[in-house]
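Worksheet: the structure to be examined is printed underneath.
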Amino acid sequence: MPTSHTNPNTSTRSRSAGRASAAARAEIIEMLKQDHRRVKTAFRHFKKLDEHRDPQGCEALVRQTCFDLEVHTTLEEEFLYPAARACLGEEDLLDEAEVEHATVKSLINQIKTMAPGDEKYSAIFTVIGEYVNHHVKEEEREMFPKLSHAKFDWKQLHEQMNERRVALRLQSPETSRNGSDAAVEIGDEAASQENTAEGMSNSGGGKRRKAQSAKGKRKDEESMSPGPEQEENEAREI
């Protein structure tokens, strides 16, 4: 009977393509999570601002955060959600996500016509944050874990999303060091703050151990150095 043989080169290429697709999928999910962390940090920072004492800072942060949300929702609606519908079939989950997007975009359009000090300006931005926090939880707890095992051409999707993100970012609102740039930096610091928190905690034990080691070394040096009586005896011998 004839036997079939698997071409080792074909098998190797298949495994390599699979790894590349999985890596692209992980990068897409991490990119979206970074967006989540950035805007969540911005909402927390807004609570510390006084829109009457610092209207420029408030407006800059709100404008930049709304822009970040618009970029994020556009990428999900144009690329991620269609892919998720194709490989997951979770219609209810995706329908709810799109409705949440529509609600947030409606509030964003509303606050764009307002300025700090206007009635309900802070309330509207706070409600946007509440909707976003709820949306983030559902995506990261339900949708993303399911996508992490889904088969799709993630490499191509990753390239398309990156290209679209670059184009959207070119439409970013004009910035100044005291305004929107500060808002961008606040968001960009979110990931590093959360990622380094654990490292700082773990390094605490290392610093204590180093301090204890240095203290013990000083004690050893003191015990090795001659005391007053020893120095006096050595002087008499001389």
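The values are calculated or read from the model by the stated rules, or taken from the named source; none is laboratory data. What you see is a predicted model; the values in this text were computed from it and never measured. As a convention, Cβ positions derive from the backbone with ideal geometry for all residues, glycine included, and neighbour counts pool all protein chains shown.
Some notes on this structure:
- Looking across the range 84-113 at every residue that is of a type in the set (Asp, Glu) and over 18 Å from Phe43 (Cα atoms), the one that is modelled with the lowest pLDDT is identified as Glu90.
- Of all residues in the range 85-117 being over 19 Å from Ile28 (Cα atoms) and of a type in the set (Lys, Arg), the one that is nearest to the chain's Cα centre (by Cα): Lys105
- Looking only at residues of the range 36-56 that are of a type outside the set (Phe, Trp, Tyr) and touching an Asp or Glu at 6+ places or on another chain (Cβ under 9 Å), we find that the one that is nearest to Pro116 (Cα to Cα) is Glu51.
- Any hit, the range 31-45, residues being in contact with a helix residue (DSSP H, G or I) (Cβ under 9 Å, 6 or more places away or on another chain), free of Cβ contacts under 8 Å to residues at least 60 places away in the same chain and either under 24 Å from Lys151 (Cα atoms) or of a type in the set (D, E, K, R) (or both): yes
- Per the conditions (1) in contact with an Asp or Glu (Cβ under 7 Å, 6 or more places away or on another chain); (2) assigned to a helix (DSSP H, G or I), the sole criterion not satisfied by Pro116 is (2).
- Taking the range 52-84 as the range and being more than 25 Å from the chain's Cα centre (by Cα) and either part of a helix (DSSP H, G or I) or buried (at least 19 other Cβ atoms within 10 Å of the Cβ) (or both) as the test, the residues that pass are Pro55, Gln56.
- Within the range 118-151, if we keep just the residues that are exposed (fewer than 13 other Cβ atoms within 10 Å of the Cβ) and within 22 Å of Thr41 (Cα to Cα), the residue that is nearest to the chain's Cα centre (by Cα) turns out to be Lys137.
- Each residue in the range 19-45 was checked for being closer than 16 Å to Lys137 by Cα, hydrophobic (A, V, I, L, M, F, W, C) and touching a Gly at 6+ places or on another chain (Cβ under 8 Å), and 2 of them qualify.
- Answer residue from the range 37-51, given it is under 24 Å from Ala167 (Cβ atoms) and not aliphatic (A, V, I, L, M) and is nearest to the chain's Cα centre (by Cα) among those: Arg37
- Pairs with Cβ under 6 Å, 6+ apart, first in the range 121-132 and more than 14 Å from Asp50 (Cβ to Cβ), second among the aromatic types (Phe, Trp, Tyr) and part of a helix (DSSP H, G or I): Gly129/Phe43
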